[in-house]
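A short worksheet on the structure shown next.
The values are calculated or read from the model by the stated rules, or taken from the named source; none is laboratory data. Only a predicted model underlies this, so the values are computations on that prediction, with no experimental measurement involved. Cβ placement follows ideal geometry from the backbone for every residue including glycine, while neighbour counts extend to all protein chains displayed. Surface areas here come from the heavy atoms of the whole protein model, side chains and all, with no ligands, DNA or RNA. Shrake-Rupley method; radii C 1.70, N 1.55, O 1.52, S 1.80 Å.
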Amino acid sequence: MNARTSLLTCVALFGLLGACRGRPLERAARIFGDEEAVERVRGGGQPTVLFIVLDTVRADHMGVCGYNRPNTPYLEHLVKDVEGVSFTCGAHAPGPWTVPSHASYFTGLQVPEHGSDRMGLVFPSHIPTLAEKMKEKGFQSVMLTANPTLSELSGLQRGFDLIRRPKTLTEIRRDDVKDELKSLLDQADPDRPLFLFVNLLDAHDPYPRIPEGVGWVPAQPQLIYDVHAKTADAPYHRYFNGQMPEDRKREYERVASNGYDYGIFLDDQNVKEVLRTLRKDGWMENGFRLVLTSDHGEFLGEHGMLRHGCWIWEPVTNVPFLYFDSNQRTPVDLSPPFTALHAWDLLLEGALPEPRREALSFSNFRPEDIKQGADMAALWTSATEKLVWWNDAYHQLDLRADPLEMSPKPLPPDHPKAAALAQWAASHQQHLEATRHQKVDPALKQQLMDLGYWEGGEGDPPPAEPTPTTPTPAAP
């Protein structure tokens with residue numbers, strides 16, 4: 001095999017990501033060949049830094065994590081075929097819904113430290129953000145978010161130079177992503193390095209229509225939960241209020257799972273389109289650094305729940321995490337327990353801190369929500385052990401023996417991590433008390449209600465004690 005044949009073979013196998021075995025990407029044209037050459041090398045000689053959040057994607061529903069549906073073919077290609085890719089299915093999100101997890105990713109702080117997890121509260125203006133930090137390094141910061149919750153009102157856009165945010169949860173999906181990204185990149189300064197944040201939303205409800213001919217999942221219409229409907233025949237509310245027969249509940253969960261799994265497939269394909277668009281536009285000619293994770297997962301019937309909400313059981317906290325630096329060949333150690341909060345460290349520094357951060361997640365009770373949730377704190381000590389503060393007590397879970405988390409045991413006071421959990425639980429309680437009576441921003445509240453994140457009625461949520469009303473693990 002001559003040199004030209006070897007190069008073309010490498011291009012065919014690994015071209016989309018831009019790294020061949022033994023060849024970290026330095027110049028995209030060297031990898032992709034003349035037909036992929038770009039008109040202009042962009043980025044001012046610096047590598048592009050890319051942060052992709054697969055909104056609402058739980059790890060155990062991804063083919064790349066061993067799920068029985070082939071819904072992540074592109075990510076499987078990256079993980080299996082590209083040298084230097086680091087990947088884990090055992091990461092944990094800082095929070096169980098969009099705002100607290102993104103606030104953590106954008107600040108490098110745990111939820112009690114930044115305090116941005118109450119509905120209608122604006123992100124604190126005194127905390128430096130990831131976009132601002134990247135600007136200090138000379139980067140221009142660009143945001144493409146398919147989730148409108150990351151709004152100017154929320155404060156989570158601070159530091160970004162260019163922003164594209166939709167008004168609805170369905171405006172930027174499927175093929176819209178590549179066109180929206182191209183439009184944003186056309187406005188960017190080609191002579192400045194690029195930090196790009198992308199939120200992909202295809203796995204978030206309403207779940208997408210599944211066309212005929214997919215093969216691994218049956219065709220079905222778009223599934224809309226219609227969380228605001230309060231009529232007697234609204235399926236979403238009948239499900240939670242115990243008015244839906246058991247066989248109908250199982251069918252409802254099956255249809256939801258189908259739409260969700262297909263949404264993950266669309267996310268997977270959009271990851272490929274994001275990378276392809278950056279390459280074609282010349283932003284990868286100097287290499288790139290990529291972090292890909294999720295902000296939370298999704299309930300699909302576990303614990304009698306749908307969507308996500310404010311609980312921190314595994315379906316909404318266990319997320320994927322991928323890291324790649326085209327100028328490094330050695331993978332990074334992502335062995336669990338691993339917190340997705342390390343996105344901050346890898347994006348800014350290209351390395352993990354020593355010691356590594358603890359894997360933590362936090363949630364709070366929401367009286368305005370039909371799912372309500374609970375004030376909880378979780379600390380993972382290994383791939384299979386999870387410690388939880390809940391209902392003012394401390395619990396220990398063996399995720400191997402009890403994967404559904406239905407039988408927590410009392411946490412022994414002499415457990416090596418008992419004091420650490422107690423410290424974080426106290427910090428979380430202080431934060432909750434400090435924010436429970438704060439007035440919400442009326443415009444932000446209305447925005448969240450319009451998007452289905454806030455299901456309550458008039459006025460601010462009243463102070464209340466956490467009293468779970470949905471199926472939860474049995475008390476120890």
Which of the aspartates and glutamates could a cross-linker span from K439 if the Cα-Cα distance has to be under 14 Å and same-chain partners fewer than 8 positions apart are dropped?
D117, E458, D460
So, with points 7 Å from each Cα along the Cβ direction, the R250-E136 label distance in nm works out to 5.6
In segment 117-256, what percent of the accessible surface is made up of carbon and sulfur (1.4 Å probe, ligands and nucleic acids excluded)?
49
Expected sort for 394-407, 99-112 on mean C-beta neighbours within 10 Å, highest first, is 99-112, 394-407
Segment 107-167: relative contact order as a whole-number percent, Cα under 8 Å and 6+ apart
31
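Let me make sure I get this right: for segment 185-260, a, b and c are the square roots of the gyration tensor eigenvalues over alpha carbons, sorted descending. Under 1.5 in a/c it's rounded, otherwise prolate if a/b > b/c, else oblate. Which is it?
Because a/c hits 1.5 or more and a/b exceeds b/c, segment 185-260 counts as prolate.
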Stretch gain in nm, segment E212-T435, where the contour uses 0.36 nm per residue and the Cα spacing is subtracted
75.5 nm
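If you average the sequence gap of Cα pairs under 8 Å that are 6 or more apart and divide by the length of segment 334-441, what percent do you get for the contact order?
17
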Could you go through segment 332-346 in sequence order and give the Karplus-derived ³J(HN,Hα) for each residue, using 6.51 cos²θ - 1.76 cosθ + 1.60 with θ = phi - 60°, rounded to whole Hz, and x for Gly and Pro?
8, 6, 10, 4, x, x, 10, 9, 5, 4, 5, 3, 4, 5, 6
Can you work out the base-10 log of I(q)/I(0) for segment 132-259 at q = 0.14, 0.15, 0.18 1/Å, using the Debye formula on its C-alpha atoms alone?
-0.77, -0.83, -0.99
Using amide H atoms built 1.01 Å from N in the peptide plane, name the residues 5+ places from F338, or on other chains, whose amide H lies under 5 Å from its own.
H92
Whole-Hz Karplus couplings 3J(HN,Hα) for segment 264-276, θ = phi - 60° and coefficients 6.51, -1.76, 1.60, Gly and Pro as x, run 5, 4, 5, 4, 4, 5, 6, 4, 4, 5, 4, 5, 5
Global form of segment 215-307, assessed from the alpha-carbon gyration tensor, a/c cut-off 1.5
prolate
Backbone HN-Hα couplings from phi across segment 85-98 [Karplus 6.51/-1.76/1.60, Hz, Gly and Pro as x]
6, 9, 8, 9, 9, x, 8, 10, 6, x, x, x, 8, 4
Can you tell me which lysines have their Cα less than 22 Å from the Cα of K386? Leave out same-chain residues fewer than eight positions away.
K409, K417
Residue-normalised accessible area of segment 105-254, given per residue in Å² at a 1.4 Å probe
42
Evaluate the relative contact order of segment 187-259 (contact order divided by residue number), counting alpha-carbon pairs under 8 angstrom at least 6 apart; express in whole percent.
26
Over 24 Å between Cα atoms, which of K371/K445; K80/K272; K249/K371; K133/K167; K133/K272 qualify?
K133/K167; K133/K272
If you take the C-alpha gyration tensor of segment 291-343, multiply each eigenvalue by 5 and take the square root, what semi-axes do you get, largest first, in whole Å?
29, 10, 8
For a label point 7 angstrom out from the Cα of N68 toward its Cβ, which stretches of segment 290-304 have the backbone nitrogen within less than 18 Å?
300-302
Calculate I(q)/I(0) for segment 48-179 by the Debye formula, one identical point scatterer on each C-alpha and no solvent, and give its log10 at q = 0.18 Å⁻¹ to two decimals.
-1.20
Spin-label pair Q243/K80, simplified geometry with 7 Å Cα→Cβ offset, distance in nm:
4.7
